[in-house]
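Asks: The structure follows.
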């Protein structure tokens, strides 16, 4: 059982200077692929000393939904495809691209091989191995459509654990890219123009959807989602 911890929220823009205490509640534990041995990485969310979730803590509300008996009974499965772009540190330009210029048009890079098509595979493979060591349910990697862009997949994972695992997988990716002197960008459109964006496709199903007659359940869910499409897009944010 891990203890609660604290930090100065005014240093991160998460609390005012006159009342800066923020409390960390441990929520998930992973093996530490960097220090190894008995060391662990702890996924936390953040609260005020009075026990209220701070505004940037989106996990608290999600945990209430995922712990609801109706949701638990449906065994919600998620498979999340996290795309990202590797950037050259000094110029903030995609890895493998000529500085100030552009590579050949998209086409040969998706799942591509070769030094002229795949840029940064050593980072990608190291990340995959580190996630496996950590206990993250990582299920694949691939080169993406834009050169310098990659993807990893987490899942199937049940409920809120899928979000915890994706967040820690992102953290591990940043740490490995840091060692390599490369910047990771999760920007949805890092390069303007006719170059692919980077998103996080989310595959989802419930127990009802996976059973006989599930297709009708899927169609009903899509209809419900369509009624709040703009609200959902607004919640996802711009970047």
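The values are calculated or read from the model by the stated rules, or taken from the named source; none is laboratory data. For clarity, every value in this text was computed on a predicted model and none was experimentally measured. Glycine also receives a Cβ, built like all others from the backbone with ideal geometry; neighbour counts cover every protein chain displayed.
Asks: Within the set of pairs 6+ apart or on separate chains, which have a first residue in the stretch 97-120 that is outside the structural domain of residue 145 (by TED's automatic domain parsing) and outside any loop (DSSP other than H, G, I, E, B), a second that is at pLDDT 95 or above and surrounded by 15 or more Cβ atoms within 10 Å (Cβ to Cβ), and C-beta atoms under 8 Å apart?
Replies: none
Asks: On to the next question. Condition test on residue 123, is it assigned to a loop (DSSP other than H, G, I, E, B) and surrounded by 13 or more Cβ atoms within 10 Å (Cβ to Cβ)?
Replies: Details: assigned to a loop (DSSP other than H, G, I, E, B): no; surrounded by 13 or more Cβ atoms within 10 Å (Cβ to Cβ): yes.
Judged against the criteria, residue 123 is not a match.
Asks: Across the stretch 190-215, what is the total count of residues that are surrounded by 14 or more Cβ atoms within 10 Å (Cβ to Cβ) and within 30 Å of residue 102 (Cα to Cα)?
Replies: Result for the stretch 190-215: 8.
Asks: Please work out if residue 100 is in contact with a strand residue (DSSP E or B) (Cβ under 8 Å, 6 or more places away or on another chain), farther than 18 Å from residue 36 by Cα and surrounded by fewer than 16 Cβ atoms within 10 Å (Cβ to Cβ). So that I can check it myself, show each step before the final result.
Replies: Details: in contact with a strand residue (DSSP E or B) (Cβ under 8 Å, 6 or more places away or on another chain): yes; farther than 18 Å from residue 36 by Cα: yes; surrounded by fewer than 16 Cβ atoms within 10 Å (Cβ to Cβ): yes.
Spelling it out, residue 100 is indeed in contact with a strand residue (DSSP E or B) (Cβ under 8 Å, 6 or more places away or on another chain), farther than 18 Å from residue 36 by Cα and surrounded by fewer than 16 Cβ atoms within 10 Å (Cβ to Cβ).
Asks: Restricting the stretch 205-225 to residues that are within 25 Å of residue 188 (Cα to Cα) and at pLDDT 95 or above, which is farthest from the chain's Cα centre (by Cα)? Quick ask: steps written out before the conclusion?
Replies: Initially, the stretch 205-225 is screened for residues within 25 Å of residue 188 (Cα to Cα), giving 205, 222, 225.
Cutting the leftovers down to at pLDDT 95 or above gives us 205, 222.
Numbers: 205: 19, 222: 23 Å.
By that ranking, first place goes to 222.
Asks: Okay, moving on. So which pairs qualify, if the first residue must be in the stretch 8-34 and more than 14 Å from residue 46 (Cβ to Cβ), the second must be part of a loop (DSSP other than H, G, I, E, B), the Cβ gap must be under 6 Å, and the two must be at least 6 apart or on different chains?
Replies: These pairs meet every condition: 30/135; 31/135; 32/39.
Asks: Consider residue 166 carefully, then state whether it is closer than 30 Å to residue 31 by Cβ and either without any contact (Cβ under 8 Å) to a residue 60 or more places away in the chain or assigned by TED's automatic domain parsing to the domain that holds residue 124 (or both).
Replies: So residue 166 passes the test.
Asks: Criterion first (in a loop (DSSP other than H, G, I, E, B) and in the same structural domain as residue 94 (by TED's automatic domain parsing)) does residue 156 satisfy it? Can you show your working first?
Replies: Numbers: in a loop (DSSP other than H, G, I, E, B): no; in the same structural domain as residue 94 (by TED's automatic domain parsing): yes.
For residue 156, the condition - in a loop (DSSP other than H, G, I, E, B) and in the same structural domain as residue 94 (by TED's automatic domain parsing) - is not met.
Asks: Out of (1) assigned by TED's automatic domain parsing to the domain that holds residue 89; (2) surrounded by fewer than 20 Cβ atoms within 10 Å (Cβ to Cβ); (3) modelled with pLDDT of 95 or more; (4) not in a strand (DSSP E or B), what's the single condition that is false for residue 131?
Replies: Condition (2) is where residue 131 drops out.
Asks: While we're looking at this one, here's another question. Residue 233 - would you say it is part of a helix (DSSP H, G or I) and closer than 30 Å to residue 127 by Cβ? Spell out the reasoning first.
Replies: Working: part of a helix (DSSP H, G or I): yes; closer than 30 Å to residue 127 by Cβ: yes.
In short, yes.
Asks: Shifting gears a bit: Can you find even one residue in the stretch 181-189 that is more than 27 Å from residue 57 (Cβ to Cβ), in contact (Cβ under 8 Å) with a residue 60 or more places away in the chain and not in a strand (DSSP E or B)?
Replies: Checking the stretch 181-189: at least one residue is more than 27 Å from residue 57 (Cβ to Cβ), in contact (Cβ under 8 Å) with a residue 60 or more places away in the chain and not in a strand (DSSP E or B).
Asks: Where in the stretch 1-92 are the strands (runs of 3 or more DSSP E), entirely inside, with at least 2 residues that are under 22 Å from the mean Cα position of the chain (by Cα) and more than 30 Å from residue 143 (Cβ to Cβ)?
Replies: 21-31, 40-47
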